[in-house]
Structure formats: C-alpha cells, structure tokens
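The values are calculated or read from the model by the stated rules, or taken from the named source; none is laboratory data. The structure presented is a predicted model; accordingly, all values stated were derived computationally and were not measured. Please note: Cβ atoms are built from the backbone with ideal geometry, for glycine as well, and neighbour counts cover all protein chains shown. Just the protein is used for accessible areas: all its heavy atoms, side chains included, with ligands, DNA and RNA removed. Shrake-Rupley method; radii C 1.70, N 1.55, O 1.52, S 1.80 Å.
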Amino acid sequence: MATAGTICSSPGCGKPVATNLACPKCMQLGLSPAYFCTQDCFKASYATHKQVHTLAKQIIEAQGAQHRKTPPRDGVSCPEDAPQETKMKLPDWATYYNFTGDLRPSLYSPKRTVPKGIRKPDYADHIAGISECERQDKSNHNSIRIYTKEELDGEYGLRHACKMGREVLDIAGKALRPGVTTDEIDRIVHEACIERSCYPSPLNYYNFPKSVCTSVNEVICHGIPDYREIQDGDIVNIDVTTYNLGGYHGDLNETFCVGNVDEDGKRLVKTSFDCLSAALGMVRPGTLYRDLGTAIEKVAKSNKCSVVRTYCGHGIGSLFHTIPNIPHYHKNKAKGTMKVGHVFTVEPMINLGTSSDTTWGDNWTAVTTDGKRSSQFEHTVVVTETGCEILTARENEPVMTWNPDLNYR
C-alpha cells in the first residue's frame, strides 16, 4: 500500500498519492507497485508506463523464468473449488485498508472466458483494457453523435443491445436472495450474455476483472463480484452492459432490497428510482443536459438524501462511454442540448448520508466516506421528437413505474 509521502508515478505529475491506486500489471509481474494519484493520471501516462512492463518481461524471459499471464496467486482471486475459508480471505490490498463501513471484500473467481464467435469491443484483449476507439473519439470529436433509424432498429442495432441488457438484468435480479454470492451473480450474467451472443461490456474494461458490477450497501458503484454471500437486509445494485454482434452497448442497472431491509434502506432505494424517473421526464429536444441534475437533486433532498458528484451519466452506443457527460447534481456545468437521435444513460447515485466518496484499494470499488448506504437506477434512452424512449425499459413499462415487488427479494 502507498505510504505517506508517496508521489504519483506519472511523469511530470509530482502530486502526492492519497489512495492505494497502483498499476495492476506491475503487481502481476511481481514489480514494486507504481502508485498514481488518480485513474485519469494513470490512463494518461499508461502509454509511457507500460514500457516498464515490456522491460520486465524481457528480464523474466532472459532469466528463464516461466511467466504466466495469470500467476498462481495474485492476491485477489482463487479457484471456485477452493476451500470456503480460502475464498473468504481478504484480498492482499485490504489487509491494512481503512474501510469506511461494515462491508468487507473477499477473494473472487478467476476471470471468465468468452468463446470465439462473440464480437468483442477493442479493449477486450488489451493488456490494460484501454479502448483506443474511445481515446480517438475523445480527441477528434466534439459533437454528440446522432443515431439513425437504421443504427437503432437494425437486426443487431442499438435497440437490440439494450433489449439484451434488459433480459440479462432481469435474470440476474431474479437470482438474488440471502446466501447467494455476487460471484454467482457474475456467473449468471456472464452466461446469459454469451447465450445471447453478447460480450459482457465491463469485462476487462480498464482491467475490470468481472462481467458485471455488483454494489452492496455502502458501495456506490463499480463493486467487484466476489465470494461474499449476500446477507438478509442488504441492498444490492446490479449494473449490466451488453455488447452485441452489431457492435453496440446497452447499459442499465437496478438496486434490489434483499430480505428484511429497514425503512431507511427502502426509502433510499425508492428515492433513487424517483430521481431517475424525474430526470427522464425532462428528456426531450431542446433540454439542456445540465438541467437534469437540478431535477435529480430536488427529489433527493426532499427525501433527505444526497447526490454523488464524482460519477455521471454518459453517451453510449458503439462506444461504452462517450459524450455527453451528464452530472446528476444541481448547478453542474454539463455542455450540450438534447437533439433527436442522441443516446445516453442517466444513472444518479443517491446516498443516505454524505455525497462524498472514496475508492477501495482494488482501484474500482467506490464507497461512501461515511459508510452509509447508496442506491442507483440507470437506463439508456434515445431522444425522440416528443420526448424520449427508454431503450432498456422493463417489458410493458414505457414510462418508469414504481412496483416494489419487482425490486424486493
């Protein structure tokens, strides 16, 4: 873990490191951890930093060592047939980590494989999980893409990708109950994606190790599925994205109450649903993207909740993440005006306590700084002439309608 006085490894940065954000490839190769001040700093300097990996591999090969892409023990995973006491061990990074709440990670299963014949996004086999298409898009395009009817409605168009995502989330949600592990939810999602000839978009995206994000209790987003069993009273968010044969992503998530959830938990989950519903009610040609945050924060505050400011909705389609960026809080500075054919996600993260967040030492799991719970719902939508269409809507629910039976397990 990073010690006091550690400086960011990005050339020319010089900022102190306040988290345990370390290059996973360095650790995999057995090198001393290279720490970075932020994910953005790590991504920006990776093209230069990866030269260290190349040199390390050459040295290993010269010494006759047998390097494997996945070493026998990486400190975060273990085989599915390992003893239960092994599965429930803390990952190496967590041994001295100062957690904000009661939730603790366990180890998780090895990375799942994707068969040949499944179309993969460009980051699927990249050593650092980097999407070069997203990088190029960020550098070369300043206008929000307008999707045509053919791109939306083709046999494997964007609408199909979103429909597949909805089917997969519904299957995963029905499997939730006390005693089920989030690693099992990951298996269910992975297999459901493959059965639909889809690639699970989170897998290897900037080295995310799993096929779905599962965020429990104080986890805001990007939770990594592991061998921990879901407990009676947990709230669990399942975030699914599918990438279909046409080369489109469909992204959505829901939060579920598992077993006997207390009234505060139920209020939080309902509030997060209402926040998304209020925002989608504003989606139509001419609406400023920045105005969605005002509607969201008004609903959150009226229910004594707060809105996370670090993460936002985003453009989606042939790219997993692109413009527009859509913050969920009041007085944000989002750019752009909605036009017919714009496709994007809205996904407000709502907290019971403070809006501030921090990231676990796995470099992914975002949690509340006060350890209180967080909830989220997400849809992918397209702007139409008269408003919007929810591409990831539940069957026979063109307008979001709260039904607790669908989110209580």
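Within the stretch 263-279, residues that are free of Cβ contacts under 8 Å to residues at least 24 places away in the same chain sit with their Cβ atoms under 8 Å from residues that are open to solvent by less than 10 Å² (accessible area, probe 1.4 Å) and part of a helix (DSSP H, G or I), at 6+ positions apart or across chains, in these pairs: Ala278/Ile296. Residues that are in a strand (DSSP E or B) and either touching a residue at least 60 places away in the same chain (Cβ under 8 Å) or open to solvent by 10 Å² or more (accessible area, probe 1.4 Å) (or both) within the stretch 326-343 comprise Thr337, Val343, listed in sequence order.
Restricting the stretch 351-405 to residues that are open to solvent by 30 Å² or more (accessible area, probe 1.4 Å) and assigned to a strand (DSSP E or B), which is nearest to Ser106 (Cα to Cα)? Among residues in the stretch 351-405 that are open to solvent by 30 Å² or more (accessible area, probe 1.4 Å) and assigned to a strand (DSSP E or B), the one nearest to Ser106 (Cα to Cα) is Thr359.
Inspect all residues belonging to the stretch 167-178 and state whether any of them is outside any helix (DSSP H, G or I) and not basic (Lys, Arg). Yes - at least one qualifying residue is present in the stretch 167-178.
Take Ile323 and decide whether it is within 30 Å of Gly246 (Cβ to Cβ), touching a helix residue (DSSP H, G or I) at 6+ places or on another chain (Cβ under 9 Å), at pLDDT 95 or above and surrounded by 19 or more Cβ atoms within 10 Å (Cβ to Cβ). When the stated conditions are applied, Ile323 passes them. Mind listing just one residue for me: the one in the stretch 250-262 that is among the charged types (D, E, K, R) and assigned to a strand (DSSP E or B) and, of those, surrounded by the most Cβ atoms within 10 Å (Cβ to Cβ)? Top of the filtered list is Asp251. Looking at Asp232, Asp239, just one residue is open to solvent by 10 Å² or more (accessible area, probe 1.4 Å), part of a strand (DSSP E or B), more than 14 Å from Glu184 (Cα to Cα) and of a type outside the set (Gly, Ala, Ser), and that residue is Asp239. Scanning the stretch 191-219 for residues that are assigned to a helix (DSSP H, G or I), open to solvent by 10 Å² or more (accessible area, probe 1.4 Å) and over 16 Å from Tyr248 (Cβ atoms) returns Glu191, Ile194, Glu195, Tyr206, Asn207. For the stretch 62-81, check the following and say yes or no: at least one residue is open to solvent by less than 60 Å² (accessible area, probe 1.4 Å), assigned to a helix (DSSP H, G or I) and at pLDDT below 80. The answer is no, given that none of the residues of the stretch 62-81 is open to solvent by less than 60 Å² (accessible area, probe 1.4 Å), assigned to a helix (DSSP H, G or I) and at pLDDT below 80. If you go through the stretch 263-300 and keep only what is on the phi > 0 side of the Ramachandran plot and crowded, with 22+ Cβ neighbours inside 10 Å, you end up with nothing. Scanning the stretch 158-174 for residues that are open to solvent by less than 50 Å² (accessible area, probe 1.4 Å) and out of contact with any Lys or Arg (no Cβ under 9 Å at 6 or more places or on another chain) gives Leu158, His160, Ala161, Cys162, Gly165, Leu169, Ala172. Evaluating Tyr108 against the criteria (1) open to solvent by 40 Å² or more (accessible area, probe 1.4 Å); (2) in contact with a strand residue (DSSP E or B) (Cβ under 6 Å, 6 or more places away or on another chain); (3) not basic (Lys, Arg) leaves one unmet condition, (1).
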